[in-house]
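Any read-out appearing in this document is the output of simple, stated calculations on the displayed coordinates, not a laboratory observation. From a predicted model like this one, the values you see are computed outputs, not experimental measurements. Please note: Cβ atoms are built from the backbone with ideal geometry, for glycine as well, and neighbour counts cover all protein chains shown.
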Amino acid sequence: MTSLTEHDSARNATLPPARHLAVTWGIPDEYGGMTAALLHRSRAFHRAAGVDVDVVTFDERPDYPAVRERLRARGALCDGIRILNIHEHFREVDREPVAGTVRPAAVRRPPDEEIGGESGAVLRWMDDGEVVRAEHRRPDGTTAVVEEHRRGGGRLITSFDRSGRATGQWRSARAFRFAWLDELIADAPAVVVVDSKTAARSMQHYQRTNVTLIHLVHGAHTDRQGRLTAARRPVFENLPRWDAVAFLTETQRRAAIELLGDPGNLVVAPNGVTVPSDVPRLPSDRLHGVIVSRLSSAKRLDHALRIIAAVRERGIPITADIVGDGPRRAVLEAEAARLGLGDAVRFTGYREDTPDFVRRGAWTLLTSRSEGESLALVEAMAVGCVPVAYDIPYGPADVIDDGRNGCLIPEGDHEAAASALARVCTQEEGALAAMRRHARDTARKFDDAGVAQLWAEIERDAADRRARRAPVDDGALRRVRVRMRRRRYVVTALVRDPRSAAAVEVRLVSPRGFTTRALLRGVGPVRYARVPERDSARLGGDAVRTTFLLRTKDDTVTVDAGLRHPDPRSLPRRAIDLARRVLGGRPGRGPARRSRTSGTTAGRAAMP
């Protein structure tokens, strides 16, 4: 197993010789943790490994020149990092005309919406609140792309040169995006890291022999009942489509395996941070805290306000800056006023000098419902801010050693959090200085150079996995499960199109090379097979390479489901674990763990 700390002394990472793309849906003006982490990782790749990174976006905003200018002013964009937008690219790059396209319908009324920018404009026509047509125009007024939304959900997307001649046509947004990516990458080897869960839904289908495809999961994948969230389900039910799926913490990787099985491509890649070298031994104001967060319901900042109020009621006059913005700002400001915190808590909004604000804080609070890994938490620890955090999935327990570098609080326990924060603010100077030092030591384990070197290993292993893949029709099956029942392997799957699948066969291969096959039976979309006990024994009860053959009257389709660890839990055990998730517990966790700092693993813990 490769740990992040083993790379801490490596100052020069060696990423594979390939073009690097980071894919996200778009870059908002007031972006949050995911976009900040993506840009930070891209800068680290360039500075630690000398690799250029193209940040690829699919949104429609026509002002990317202004976006780049703002990012450079913030220091978020450096030499070697480019931002490429699909619609901007089609406005600027000349293409040869093509024949045989369908001419888009003429419009007979002005647009309902027009948004202009330095690189052009986007015009939209609406019907009952839905976009039915969008035109992307150049600064000179010529049309670059027309997107028609057709009845039944179809689309017709046509690109044009400055003379109005068609230069391309696609019948889906996915085909349009993939054609652009093919143009960018061509035949060169490439590593594509998809950060956005929205972009991941379509990008999971971008299968090219020269492209290593990695999805980085930035948030929780389950709801409070332990079920896959609707936003994550399309991707998480098809994890074998990716050459690697990276989680920010080992805890979340294990949780995904427990829920879905192990396809053999799940790894850990924490966010990197820059740890300054000149942090004072003690803060200038030990009673002042800084909380960096989006002001949304998921962040539960009303809890943070109640905790601050409870500490002040004990006679400790703490103050706080809450840095960030979001839909609940007015509600939170009203709650702060109701709690009598009008002079104690300041809502600063989104700020470009956030790092300077964080350095002024002695402590920070994390009260979210869930996190992938709180980048704001680790960045605060890097400058000596002592964290007081709810023990939520996922993140805080992977970095906080309770009482040493911060405080880990049972989720939702306001009184316990207030008591912990009061202790932090009133402890003697030597103890506070030690906590600040330990917090910074923890953050150093996420040093940019070490994280970049870890990514080098992840990328090489993912490329090897890509090279070993069989041709796949990855849309044919879903919800593949391998379980162990009464010493026999049991395989289940749902067939996407039951009418076309005349027969479904599964092949299981053990680590030692023993191979067995079984025909799946079932009704409708549900298919299952029980492997004979003798063959199950020879498979060894361990992870098995799982491949399906779907035979139709016209063809045989191969589906590589990757490496699967059999779930040994009985049906009652699974029901109990589900109940524990519903009640807010975490299956398999056991007693509360106070320190996982040394157990933050990365690399190939689950790789074949």
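Worth a mention:
- In the chain, the DSSP-assigned H stretches of four residues or longer account for a calculated mean residue ellipticity at 222 nm of -9000 deg cm²/dmol, using -39500 (n - 2.57) per stretch and the full residue count as denominator.
- Selected from Gln427, Val399, Ile115, residue furthest toward positive end of dipole (the chain; charges at beta carbon): Val399
- Only Lys, Arg (+1) and Asp, Glu (-1) charged, at Cβ; the chain dipole about Cα centre in debye: 2980 debye
- Difference of contour (0.36 nm per residue) and Cα-Cα distance, Glu428 to Glu505: 21.0 nm
- Once C-alpha pairs closer than 8 Å and six or more residues apart are averaged by separation and normalised to the residue number of the chain, the relative contact order reads 15 percent.
- Extension gain, Leu84 back to Ser297 (0.36 nm per residue minus Cα-Cα distance, nm): 73.5 nm
- Here the gap between Arg171 and Glu114, fully extended at 0.36 nm per residue and compared with their Cα-Cα distance, gives a gain of 18.1 nm.
- In percent, rounded to a whole number, the relative contact order of region 477-568 is 33, using alpha-carbon pairs under 8 Å and six or more apart.
- With the simple model of a label 7 Å out from the Cα in the direction of the Cβ, Glu130 to Ala106 spans 2.6 nm.
- Prolate/oblate/rounded label for the chain (Cα gyration tensor, a/c 1.5): oblate
- For region 392-493: relative contact order, % (alpha-carbon pairs under 8 angstrom, 6 or more apart): 16 percent
- Spin-label model, Glu415 to Tyr528: label points 7 Å out along the Cα-to-beta-carbon direction sit 4.8 nm apart.
- Shape of region 477-568, Cα gyration tensor, a/c cut at 1.5: prolate
- All-pairs Cα distance distribution in region 92-173, expressed in whole percent, bin size 10 Å: 17, 51, 29, 3
- Computed E for Ala188/Asp464 - FRET, C-beta separation, R0 22 angstrom, nearest 0.05: 0.75
- Taking the fewest neighbouring Cβ atoms within 10 Å as the starting point, the ordered list for Cys407, Cys385 is Cys407, Cys385.
- Val331/Asp285 FRET efficiency (R0 25 Å; Cβ-Cβ; nearest 0.05): 0.35
- Cα centroid separation - region 9-80 against region 326-359, whole Å: 28 Å
- Gap separating the Cα centres of region 376-435 and region 175-253, nearest whole Å: 33 Å
- Residues Thr14 and Ala99, FRET efficiency given R0 of 45 Å [Cβ-Cβ distance, rounded to 0.05]: 0.45
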